[in-house]
1. For the stretch A:60-106 and the stretch B:105-157, compute the distance between their C-alpha centroids and round to whole Å.
2. How many Å³ per residue does the convex hull of the Cα positions in the stretch A:6-315 occupy?
3. Hey, got a sec? Which trypsin sites (Lys or Arg not before Pro) in the stretch A:120-203 land in a DSSP loop and have at most 14 other Cβ atoms within 10 Å?
4. I want to check a number: in chain A, how many lysine pairs have alpha carbons closer than 24 Å, given a sequence separation of 8 or more or different chains?
5. If we restrict to alpha carbons, what Rg and Dmax does the stretch B:45-136 come to, in Å?
6. Pairing the Cα long axis of helix B:158-170 with the longest principal axis of chain B, what angle in degrees results, from 0 to 90 and rounded to the nearest 10?
7. Computed from the mean reciprocal separation of all distinct C-alpha pairs, what Kirkwood hydrodynamic radius does the stretch A:183-318 have, in Å?
8. Net charge around A:T95, counting only other residues with Cβ within less than 9 Å of its Cβ (Lys, Arg = +1; Asp, Glu = -1)?
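Rule-based calculations on the coordinates, nothing more; no lab input. As the structure is a computational prediction, the values presented were derived from the model and not from experiment. When we count neighbours, we look across all protein chains shown, and the Cβ atoms used for this are built from the backbone with ideal geometry, even at glycine.
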Amino acid sequence: MITMPMLIEGEDVTKYFPIKGFMREIARVHAVEHVDFFVEEGETFGLVGESGCGKTTLGRMMLRLTTPTTGNILYNGVNIYDLKDHDLKQFRKETAMVFQDPYSSLDPRMVIADVVGEPLAVHGMAYGETRDDMVLKIMEKVGLKSEHMYRYPHEFSGGQRQRIAIARALSINPKFVVLDEPTSALDVSVQAKILNMLNRLQRELDLTYVFISHNLDVVRYISDRVAVMYLGQVVEMGPRDAIFENPLHPYTQGILVAAPKPDPDARRDVALMGEVPSAVNPPPGCRFHPRCPERKEICEREMPELVEKERGHFVACF
Amino acid sequence: MMEDLLVVKGLETQFFTYGGIVEALDGVNFTIRRGEVFGLVGESGCGKSVTALSILGLVPPPGKVVSGEIIMDGENLLEKSEKEMQKIRGSKISIIFQDPTSSLNPLFKIGYQVAEPLIYHEHYKEKKALQEALQVLKDTGIGDPEEKIKNYPHELSGGMRQRAMIAMALACRPDLLIADEPTTNLDVTIERQIINLMHILQKEYGTSILLITHNLGVVAEMADRVGIMYAGNIVELTDVHTIFHNPKHPYTIKLQKAIPSATSVGQELEEIQGAVPRLINPPTGCRFHPRCDHATSVCSKVKPREVEIGTEHMVACHLYG
């Protein structure tokens, strides 16, 4: 296997959100804590986990939409939080995000031509008729037609709105796109179309994706490498097949067994007990130890580090 | 064979909007037997939830059940007055909704909300009803139920709220529990817990379940028999093994292939051409024909009959007569 150059790299990334009381911080949400990761150029990097595990916060930090409390995120080897002026603009031109809910991420008062063309105007990349031509070209790429250009978002179905959101993200011809649950609000038949389209666009436009989802089947289908998050931390990271066929972390094993499978004869095993603890007051030691079927004494005291157990397959567990 | 609990025949529900008549249900037939889980599967807008609301007599205006029969215990529910239906809802038939957050009343404690159907239907005194509510909550596996009955809904997590909803629905030991997307908003590990819980309670309480979902995984795990809905019709109805291992209707087959799975990695997913039709002016004949690979001229003209092609295997498609 040829290793691709790294496009995005995170070093010990931490994000706390303060909870404010009367004129002071009374507690903090440990949204992301001590996370290391890397994304290789041209790949699809899947980020899975349950709600509140920090996957969206991590995705936003990769695009400098949220500032980490501590830690660095490098894009092509440069810390994105040190970028200024021209370099920052260039970074914004090369990156884009598609949000989860296509019903709230599109401005209801803008026609589609403006929704898709706005990033071009913001970056001064095209105006007037050239802009309209570019908009039409990208709309055709995502399966929209020219007659859709002057319609409003409410005239479209969920699947088509997600196409519009994707067209908007791709209008500036980015290299790196973070997709936050892009198919969660869609029916399976529409989801299949969007997933096929994302794969095709990646090949055509040489894109690198970070694909955030709670749906294990979807992540398995689309990703080259996968990171599993639990309560603000990456517990396991590695090539797709290693994660799904040979999961090493008890949490990964737990969610793989728990997911309902469309096969009436599938094995039904016992689920993980309990619920995800609050991120305001996470358990000491390994975050997962209160629910872990294989916990040892050390798990309650020390936080396991993410270490490479097999080639390219990292796990944080004692 | 198990006894029939609820028989739905030729159910047609329409919504009379300013834009025209929406034919949400176009002659739906199915039977729920005692003690079974009947799964109703389909994509959004196919009429799953309208079916549930029709059974409960809760179709919101401008919607109306225009024809058909819903028979339970030898009586047609559609002929009952609102007052009689109020006695049935919550005692003989109850429902749990997708979103437990918006279906619990934020102003009442959990204990009271679970006890309320007992006070209303069984005329229990409040104290006795609360004791019974505590027992039901214990059955749903809520941790520390003595504390939880004094909590308000916002103090519980999503999984706990769904457990409380289930307790409320089961308090009067109904014959039929309608579960409308019971696990859709929950995380996988919690979803697994709720599925297991519903299995256990169904055995213990002997309740039949009408499971409404778009998730084929949940259906495969829970249902005994399954009906696949498309645009207001049940297009295929059979036991859960046949649906997954030997599906016959083109829509059922395509729907299963559209789900990403271990075997589809690296391949294109099967797409169903076109989009779900609007039901204000649905396609003539078979409502699936504009999207079907096997459509012939008859499909656009004649609505397919429901044909028995095997033991307990119904398909509504011209390919099968």
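1. Using only Cα atoms to place each centre, the spacing works out to 47 Å.
2. Numbers: hull volume 49.3 nm³, N = 310.
For the stretch A:6-315, the hull spanned by Cα atoms encloses 159 Å³ per residue.
3. Numbers: sites: A:R131, A:K137, A:K141, A:K145, A:R151, A:R161, A:R163, A:R168, A:K175, A:K193, A:R200, A:R203; in loops: A:K145, A:R151, A:K175.
Passing both the DSSP loop test and the Cβ count: A:K145.
4. Here the count comes out as 24.
5. That works out to 15.4, 44 Å for Rg and Dmax.
6. Here the helix axis deviates by roughly 90 degrees.
7. Values: mean 1/r = 0.0600 Å⁻¹.
Value: 16.7 Å, from the Cα pair sum.
8. Values: positive: A:R64, A:R92, A:K93, A:K175; negative: A:E94.
Net charge in that neighbourhood comes out at +3.
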